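The values are calculated or read from the model by the stated rules, or taken from the named source; none is laboratory data. Remember, predicted model here, so these are calculated numbers, not experimental data. Note that each Cβ is placed from the backbone with ideal geometry, even for glycine, and that neighbours are counted across all protein chains shown. With ligands, DNA and RNA removed, areas are computed over all heavy atoms of the protein, side chains included. Shrake-Rupley method; radii C 1.70, N 1.55, O 1.52, S 1.80 Å.
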Amino acid sequence: MRRAFLFLILTAIFQSLAAQQLIKGKVINADNRSPIAGASIYINNSSLGTSSNKDGQFTLNTSSNLVELVITNMGFEKKVLQVQLPLEQELTVALFEKSTAIEEVVVTNYLKDGWKEWGRFFTENLIGIGDFADDCKITNHEVVKFRYDQKAKVLTAIATEPLKIRNNALGYDLVYDMGAFKMDFGTSMFYFEGYAFFKDIGKGKSKFKNNRNDAYQLSMNKFVTSTFNKSWEKDGYIVRKLVKKDNEVRLEARAKYKDILDSVQKKYNGNWKLFYASQNEVSEDQLNTIRKQMGQPEQISYLMGIMKPEEIIEVEDPESNLKRINYQDFLYVIFPAEFEKSRSKLLKKSASQVSELFLVDKEGIIIEKQGAYFPPANWILSGYAVGYSKLAYLLPLDYNPGE
């Protein structure tokens, strides 16, 4: 019996080791090819990282087959590599020195009291609002600089250093190297991106364990993993195709109104009373109807039948253990109704809520078994899950749902 038990343990250990992929490389100065010691190397959105030694060399292990590797060092430009594993040869990463003069010019163009004016807006849109976000804090907000274009109604922000975030809800210290933060108030379009490295400060504590589980259940990582495993039905997701088409009634109404307005201005000097009195083609009631039609939504949505993961998985590569997904229109994703039975208030209120997923680039997205997807900017998320894609709910890709 003991031998059998020992055999199972050894088998599990062997399988775990076999699943590990080795990333090995060297960081050098791009100008003189000299090694860079102390460079930081980490896998984006993970707790897996290391530093280069005195010879610029580094090694890093991961169980993923496709990762985004981030390499940084003070005084040098950051470099981000998409790395598919296993590697055929060692990486050579050449970093270019930063131009301090350019950085100083850029920073001086930002608002003097930007945090006072925009800090709350920035925090709510990057970190989140309520629930876990209440226990999440940026500890070095002074590095954030803002610019607001009054004419274009566009807010942009940069961080002169990586943000340091303490998440007391999930039990992580997060270093977030923000690449972009932009809010277009004219179109209501918001976009942010960055590179995250996690340090676990609460492993084993029941509060963090429960909160992490809740965050995972609501995450894109969970949905991507479910897609990879073709287990939407088993995991409780209902996914339907959503088709959005231009509202022809609205478009025709806008064209009619433009013609009428041109006529009123040119023939009647902008006098509407004279316009109504001088012609019988368009009455005031008819014009009011046209105006109401102009106020209709720009697009009309048509909800189609229930889909299966196989319908969007375009390519499967058993050798690399990666898959490519692609689809037209939108995915209309309904969270599991089983959440209603959960003891967690967060999951309970999320039962049967809806999110929409849209592909910007029709070349699709590569997904892997741990829930990572590339390129992340190609998948636009809208609807209920947007709030749970903020940093307060972010988990490392190496998070194990069973831990």
For 64, 47, write out the residues from largest to smallest accessible area, computed with a 1.4 angstrom probe and no ligands counted. 47, 64
Run the dipole for the chain about the Cα centre, Lys and Arg Cβ at +1, Asp and Glu Cβ at -1, nothing else charged, and hand back the magnitude in debye, nearest 20. 1040
With R₀ set to 30 angstrom, the calculated FRET efficiency between the beta-carbons of residue 343 and residue 238, to the nearest 0.05, is 0.85
For Rg/Rh (Cα atoms, Kirkwood Rh) the list reads (i) 0.98; (ii) 0.94; (iii) 1.06; the calculated value is entry (iii)
Under 5 Å between amide H atoms, partner at least 5 residues away or on a different chain: which partners does residue 395 have, H built in plane at 1.01 Å? none
Mind checking the dipole of region 248-328: about its Cα centre, +1 per Lys or Arg Cβ, -1 per Asp or Glu Cβ, Debye to the nearest 20? 760
Dipole-positive endmost among 47, 181, 275 within the chain (Cβ charges, Cα centre): 47
Over its Cα atoms, what ratio of radius of gyration to 2.2 N^0.38 Å does region 44-175 give? 1.29
Neighbours of residue 230 by Cβ distance under 11 Å: Lys/Arg at +1, Asp/Glu at -1, summed charge -2
Using a 1.4 Å probe and ignoring any ligands, DNA or RNA, find the accessible area of residue 132 and quote it in Å² to the nearest 10. 20
Taking only the C-alpha atoms, wrap a convex hull around region 168-313 and report its volume per residue in Å³ as a whole number. 223
Gaussian network model of the chain, Cα springs within a sub-10 Å range: biggest mean-square fluctuation belongs to which of 167, 45, 140? 140
If you average the alpha carbon positions of region 167-240 and of region 319-336, how far apart do those two centres end up, in angstrom? 17
XL table 349/390; 98/153; 151/267; 98/151; 26/98; 207/349; Cα-Cα > 22 Å flagged, in table order, is 98/153; 151/267; 98/151
Residue 128 neighbourhood, Cβ < 11 Å, K/R = +1, D/E = -1, net charge -3
Using only alpha carbon pairs under 8 Å that are at least six residues apart, calculate the relative contact order of region 83-224 and give it in whole percent. 16
Considering only 318, 360, 391, whose Cα is most displaced toward the positive end of the charge dipole of region 277-403, charges sitting on Cβ of Lys, Arg (+1) and Asp, Glu (-1)? 391
Within a Cβ distance under 11 Å of residue 282, other residues only, what is the Lys/Arg minus Asp/Glu net charge? -3
Could you do me a favour and compute the accessible area per residue for the chain, 1.4 Å probe, result in Å²? 58
Distance (nanometres) between label positions extended 7 Å along Cα→Cβ at residue 154 and residue 255: 3.1
What aspartates and glutamates could a cross-link reach from residue 79, if we take a straight Cα to Cα line under 19 Å and drop same-chain neighbours fewer than 8 places away? 31, 55, 68, 90, 97, 103, 161, 177, 193
Using alpha-carbon positions, what is the distance between the centroids of region 265-309 and region 356-389, in Å? 36
Rounded to 0.05, the calculated FRET efficiency for the beta carbons of residue 57 and residue 143 at R₀ = 25 Å is 0.25
Of all the accessible heavy-atom surface of the chain, with the other protein chains kept in place and a 1.4 Å probe, what percent is carbon and sulfur? 51
With every protein chain present, what accessible area does residue 22 have (1.4 Å probe, heavy atoms only), rounded to the nearest 10 Å²? 90
Stokes-Einstein D for region 304-403 at 37 °C, 0.692 mPa s, Kirkwood Rh over Cα pairs, in µm²/s? 214
Restricting to Cα pairs under 8 Å and 6 or more apart, the percent relative contact order of the chain works out to 14
Apply the Karplus curve 6.51 cos²θ - 1.76 cosθ + 1.60, θ = phi - 60°, to the phi angles in region 348-358 and return the couplings in whole Hz, x for Gly and Pro. 4, 6, 8, 4, 6, 6, 10, 10, 10, 10, 10
